[in-house]
1. Which pairs do you get when a residue that is over 14 Å from residue 232 (Cβ atoms), found in the range 203-218, comes within reach of a residue that is modelled with pLDDT under 75 and loosely packed, with under 11 Cβ neighbours inside 10 Å, reach meaning Cβ atoms under 9 angstrom, with the pair 6+ apart or on two chains?
2. So which of 125, 80 ends up being modelled with pLDDT of 95 or more, outside any helix (DSSP H, G or I) and of a type outside the set (Phe, Trp, Tyr)?
3. Can you tell me which residue within the range 23-71, out of those that are small (Gly, Ala, Ser) and over 23 Å from the mean Cα position of the chain (by Cα), is farthest from residue 166 (Cα to Cα)?
4. In the range 88-120, what residues are surrounded by fewer than 21 Cβ atoms within 10 Å (Cβ to Cβ) and farther than 23 Å from residue 150 by Cα?
5. Report, ordered by the first and then the second residue, all pairs with beta carbons closer than 8 Å, sequence separation of six or more or different chains, a first member in the range 149-166 that is in contact (Cβ under 8 Å) with a residue 24 or more places away in the chain and of a type in the set (Ser, Thr, Tyr), and a second member that is part of a loop (DSSP other than H, G, I, E, B) and surrounded by 14 or more Cβ atoms within 10 Å (Cβ to Cβ).
6. Out of all the residues in the range 106-122, which are under 20 Å from residue 175 (Cβ atoms) and in a loop (DSSP other than H, G, I, E, B)?
7. When the range 163-215 is examined, which residues are found to be at pLDDT 90 or above, of a type in the set (A, V, I, L, M, F, W, C) and in a loop (DSSP other than H, G, I, E, B)?
8. So, residue 95, is that one assigned to a strand (DSSP E or B) and assigned by TED's automatic domain parsing to the domain that holds residue 126 or not?
Amino acid sequence: MADYVGSICGLHAQNALSPKMSDDQYGNYIKQLDAALSVAKLDPMCVHTASDASAPMKGALQASLAALVYQGGTKIMHIVAAGGWATAPNVELMALEMSVATALVAECSSLVCFMDSTVAMANLVDLSPHSGQVSSLAACSALCTWFSGDHRHTLHLWHVPSKEEWKIHNEVHKAVKAAQIPLHPGCRVSFDFIWVARETAYQKEWHKEFSDPLKRGRGFLELVGLNGKPLKPMTSKGGHGDSMMESFSCIWEQLHDCQDLSCHS
């Protein structure tokens, strides 16, 4: 289904960013973003949106999502909504689906969406089982109806670097941060939020138990991370490749030191 929507119905995802991108390449990408926004503003049959979300994992606030919808150079909708208890990927997808559904109500032949979550962009038309699938189903249903009305309709998804504080995306970012929607009985809860909350609680208890030498064993080898602090047990299976390799390199050096001191492997 995702391949069908992407190849037949005119879906274009613009995600040219890379951690290894040079300054010139990054600058060119920002120029492409600027150009895409300028073209969208000049076309009265083009609707463009900016969406963002905030997902506090603790405290008395629930997740919030926001979308700004423009037609030509005019803002036609400013929406802020509650997201309940949800993780960042869940609520970012909710925000993108909300912006798409709102935009398609307007009469348009082209839709351009700006957001800072590549995960949400990928999940928008992914109908395979995943947390937040209800948002993907709603988006695909609305898009298929819209695309079937005219084969010339197009949807462009643009990834905006968060650090750039870029134009309309910075505006929607400020709107979602200012929302501050309190929790209340009956808030919806995503499966991922429950999983992360439970994992965090278990890991906190693990660290507490691990700090007791009698429970971890007196012969346990203490390793120091890149920040100079002792490494703690964790449930995560990895992170960014470069940082993981640096950590492994640091640990490997410590193991070699231990080997030299003990004269055995």
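1. Every condition considered, the pairs that remain are 213/220.
2. Values: 125 fails: modelled with pLDDT of 95 or more.
Exactly one of 125, 80 is modelled with pLDDT of 95 or more, outside any helix (DSSP H, G or I) and of a type outside the set (Phe, Trp, Tyr), namely 80.
3. To start, the set of residues in the range 23-71 that are small (Gly, Ala, Ser) comprises 27, 35-36, 38, 40, 50-51, 53-55, 59-60, 63-64, 66-67.
Those still in the list that are over 23 Å from the mean Cα position of the chain (by Cα) too: 35, 38, 40.
Details: 35: 13, 38: 13, 40: 16 Å.
Once the filter is applied, the top-ranked residue is 40.
4. 88, 89, 118, 119
5. 154/10; 154/109; 162/116
6. 106, 116, 117, listed by residue number.
7. Across the range 163-215, the qualifying residues are 166, 178, 179, 181.
8. Working: assigned to a strand (DSSP E or B): no; assigned by TED's automatic domain parsing to the domain that holds residue 126: yes.
Answer is no for this residue.
The values are calculated or read from the model by the stated rules, or taken from the named source; none is laboratory data. Since the model is a prediction, treat every value here as computed from it, not as a measurement. Positions of Cβ are backbone-derived with ideal geometry, glycine not excepted, and every protein chain shown enters the neighbour counts.
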